[in-house]
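Step one of this worksheet: look at the structure below.
The values are calculated or read from the model by the stated rules, or taken from the named source; none is laboratory data. Here the structure is a predicted model, which is why all the values come from computation and not from measurement. For neighbour counting, all protein chains shown are included, and Cβ atoms are generated from backbone atoms with ideal geometry for every residue, glycine included. Surface areas here come from the heavy atoms of the whole protein model, side chains and all, with no ligands, DNA or RNA. Shrake-Rupley method; radii C 1.70, N 1.55, O 1.52, S 1.80 Å.
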Amino acid sequence: MPVKFSKSFKQMDKVTKKVSIVHDYIKNKSKDQLFEYINSDNGKPKVKQKCRNELNRRGIKIVKVDKPTEDS
C-alpha cells in the first residue's frame, strides 16, 4: 500500500451530491513540496522521514546546509 502524506478525506460534489474519498499519497507530491515540508519548523518528524525516503526513492540527493545566523 502506498505511503500517505496526510489522512484521507471525503469530498462531496455540490452539484451531484456524490461523495468521493480523496487519498493524499506522498508519491503525488512534487519535489518542491517535499523539500518545503522537510525545511519547515512545524512538520512532524515521522512525515519528514517519509519525505526523505520518497526523495531517496526518486534518486534525489539531499545536501544539508546550516542556516546562516545573523550576528549583530
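Listed values, structure above:
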{"item": "Out of 65, 19, sole residue that is exposed (fewer than 11 other Cβ atoms within 10 Å of the Cβ) and at pLDDT 95 or above", "result": "19"}
{"item": "Flag if residue 47 is outside any helix (DSSP H, G or I) and either at pLDDT 95 or above or hydrophobic (A, V, I, L, M, F, W, C) (or both)", "result": "no"}
{"item": "Candidates 35, 9, 5 - the one that is in a helix (DSSP H, G or I) and not charged (D, E, K, R)", "result": "35"}
{"item": "Options 38, 60: the member that is open to solvent by less than 60 Å² (accessible area, probe 1.4 Å), aliphatic (A, V, I, L, M) and under 9 Å from the mean Cα position of the chain (by Cα)", "result": "38"}
